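Please read the structure below before turning to the comments.
Each value in this text was obtained by applying a stated rule to the coordinates, not by laboratory testing. Keep in mind the model is a prediction, meaning the values are calculated, not measured. For neighbour counting, all protein chains shown are included, and Cβ atoms are generated from backbone atoms with ideal geometry for every residue, glycine included.
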Amino acid sequence: MRARLFAFVLALPGAALAQDTDLELVLLADASGSIDSREYDLQREGYATAIVDPEVLEAIANTAYGSIAVTYVEWAANQVVVAEWTRIADRADAELFAARVLAPPRRAIGRNAIGSALLKGLELMEENDIEGWRRVIDFSGDSVNSYSGPPIAAARERVLAAGVTINGLPILRPGDPGRAMGGLEALFAERIVGGPHSFVVTAESRVSFAEAIKRKLILEIAGEVPPRDVAAAE
């Protein structure tokens, strides 16, 4: 479907050819004080495992351009680029990116500054030398509380105005009602996500985080939105 659409766009008079990859994807991973060392390792390992998964690589191969560009950033009170922009078109590219995700020490510390994290994601897209057909920020976290930096609403508005989609990966704590009023999934949908084809995929527990990452990456790469009743990872 995407390939046919791409061919149609190229056939249009004066069609722009500036894009050189299908997707610019910023992975914003929570490294704040509420994430302990075990959970921190689960997140890094989850992203590293997901990016080399055969289903994720197949989704990349099936994009209009056959590649994506991705960077991995950890956020807390500050933001740290863990893995620089990497173009991924095959398994070798994905393995290189996975190794970059796993290697550096933890350097994002302190309490949440969500608005700052979202603006960092936008900055990384605006300042790179990549032209993606789509631009997406993949934001994960275990709360929507923000203690410093710009307000979430103002940062979100600026990101969306730039044509960037924000998707959410809430990490539920035991007893969190999820989609119900006041639940983290509902709060992500209300305050964090936005833009064309935006969605929330929920990690129901720390253990299910890796599967939620994989599902979310496949949807983002394919430019699809999950059915509402299966949006949460089991």
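Under the convention that each Lys and Arg Cβ holds +1 and each Asp and Glu Cβ holds -1, the size of the dipole of region 20-225 around its Cα centre is about 620 debye.
Amide H contacts for V82 (H built 1.01 Å from N in the peptide plane; partners 5 or more residues away or on another chain; cut-off under 5 Å): Y72, V73, E74.
Shape class of region 20-225 from the alpha-carbon gyration tensor: rounded, with the ratio a/c of largest to smallest axis under 1.5. Using 0.36 nm per residue and subtracting the Cα-Cα separation, the extra length available between E84 and V225 on full extension is 48.1 nm.
What ranking, highest mean first, results for peptides 144-154, 94-104 when packing means the other Cβ atoms within 10 Å averaged over each residue?
On the way: 144-154: 15.0, 94-104: 17.6.
Answer by packing, highest mean first, reads 94-104, 144-154.
In this structure, S37 and R111 have a Cβ-Cβ separation that, at R0 = 25 Å, corresponds to a calculated FRET efficiency of about 0.90.
Distance between the pseudo-spin-label points of D53 and E127 (7 Å out from Cα toward the beta carbon): 3.2 nm.
Listed values for region 48-53 are Karplus-derived 3J(HN,Hα) couplings in whole Hz (6.51 cos²θ - 1.76 cosθ + 1.60, θ = phi - 60°), namely 5, 6, 5, 5, 9, 5, and x replaces Gly and Pro.
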